[in-house]
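Colleague: Following this message is one structure expressed as structure tokens.
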Amino acid sequence: MLDISERLEKIKTKMLLASAIALFVSLTKALPDKVTAIGLDLEGNEFTLGWFILSISSYFLIRFIVLSTVELLQYYLPDLISTKTSKTTGDTIGLTADECFNNECEDDYEIGTVSGEIHEINKKNEIIQRTYKTRFIEFSNGITLLFDFLGPMIFSIISIILLYKFLT
């Protein structure tokens with residue numbers, strides 16, 4: 001299943017914090033003239049802080065998008081390679097790897113016998129299990145994509161746009 005890395009989780013937290021501050025400033029339409037936490041006095045030049053928040057928010061958004069893309073590619077790369085290589089054929093007979101293995105497995109049991117029936121039941125059960133596991137993983141990955149990737153990006157983009165509109 002798709003899991004977000006600790007590194008990306010930290011970037012997401014920083015991005016959401018900067019975006020929340022940007023959203024707060026843009027919705028209240030008030031820029032503080034002092035930041036006592038770091039001893040900064042911006043009296044008469046409050047918009048500098050607004051542009052700073054916009055810059056930091058944009059930086060974390062861009063970094064989050066780039067790292068998310070890398071993680072998603074890393075996760076889906078084996079599937080992409082598997083899909084691309086699944087139809088590779090040999091040069092002599094022209095069979096795929098699946099066709100080669102399927103021809104060997106047919107001799108393991110006889111059709112119409114108890115062992116053949118057990119083999120068919122096991123094969124059907126494996127297909128059912130694989131189908132349900134695949135559906136669960138797809139659902140789980142969809143939720144992860146929505147709440148861990150797309151949701152924070154959309155929130156950050158909206159916050160940055162609103163702050164930019166307020167500053168200009």
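Colleague: What percentage of the solvent-accessible surface of the chain, computed with a 1.4 Å probe over protein heavy atoms, is contributed by carbon and sulfur atoms?
Modeller: Details: 7740 of 12240 Å².
So the carbon and sulfur contribution to the accessible surface is 63 percent.
Colleague: State to the nearest 20 debye the size of the charge dipole of the chain about its Cα centre, where the only charges are +1 on K and R beta carbons and -1 on D and E beta carbons. Walk me through the intermediate numbers first.
Modeller: Values: 15 positive and 22 negative charges, 257 e Å.
For this selection, approximately 1240 debye.
Colleague: Please report the relative contact order for the chain, taking Cα pairs under 8 Å with a sequence separation of at least 6, and give it as a percent rounded to a whole number. It would help to have the intermediate numbers written out before the result.
Modeller: Numbers: 113 pairs, mean separation 71.9, N = 168.
Relative contact order, the chain: 43 percent.
Colleague: What accessible area per residue, rounded to a whole number of Å², is obtained for the chain using a probe radius of 1.4 Å? Working shown, then result.
Modeller: Numbers: 12240 Å² over 168 residues.
For the chain, the per-residue accessible area is 73 Å².
Colleague: Convert each backbone phi in the range 158-168 into a coupling constant with the Karplus relation 6.51 cos²θ - 1.76 cosθ + 1.60 (shift: θ = phi - 60°), then list the ³J(HN,Hα) values in order as whole Hz, x for Gly and Pro.
Modeller: 4, 4, 5, 4, 5, 5, 4, 4, 5, 6, 9
Colleague: Using 0.36 nm per residue of separation minus the Cα-Cα distance, give me the extension gain between F136 and E6 in nm, one decimal. Could the numbers behind the result be given before it?
Modeller: Working: separation 130, 0.36 × 130 = 46.80 nm, distance 2.32 nm.
This chain segment gains 44.5 nm when fully extended.
Colleague: Then there is this: Do the alpha carbons of any pairs in K14/K133; K10/K84; K12/K165; K10/K87; K87/K133 sit beyond 30 Å of each other, and which pairs?
Modeller: Details: K14/K133 34 Å; K10/K84 34 Å; K12/K165 23 Å; K10/K87 40 Å; K87/K133 24 Å.
Long pairs (Cα-Cα over 30 Å): K14/K133; K10/K84; K10/K87.
Colleague: In addition: Full-extension gain between I81 and E99, please, as 0.36 nm times their residue separation minus the C-alpha to C-alpha distance.
Modeller: Numbers: separation 18, 0.36 × 18 = 6.48 nm, distance 1.86 nm.
Fully extending the segment from I81 to E99 adds 4.6 nm.
Colleague: OK, next. Over the Cα atoms of the chain, compute the convex hull volume and normalise it per residue, giving Å³. Each step should come with its number before you reach the end.
Modeller: On the way: hull volume 26.9 nm³, N = 168.
For the chain, the hull spanned by Cα atoms encloses 160 Å³ per residue.
Colleague: How big is the accessible area of F24 in square angstrom, nearest 10, if you roll a 1.4 angstrom probe over the protein chains?
Modeller: So the heavy atoms of F24 present about 130 Å² to solvent.
Colleague: May I ask you to compute the full-extension gain from N125 to D33, defined as 0.36 nm times their residue separation minus their alpha-carbon distance, rounded to one decimal in nm?
Modeller: On the way: separation 92, 0.36 × 92 = 33.12 nm, distance 6.72 nm.
Working it through step by step, the gained length comes to 26.4 nm.
The values are calculated or read from the model by the stated rules, or taken from the named source; none is laboratory data. Computed from a predicted model, the values in this text were never measured in an experiment. Neighbour counts run over all protein chains shown; Cβ positions are idealised from the backbone, glycine included. Just so you know, the surface numbers come from the protein's heavy atoms only, side chains and all, with ligands and any DNA or RNA stripped out. Shrake-Rupley method; radii C 1.70, N 1.55, O 1.52, S 1.80 Å.
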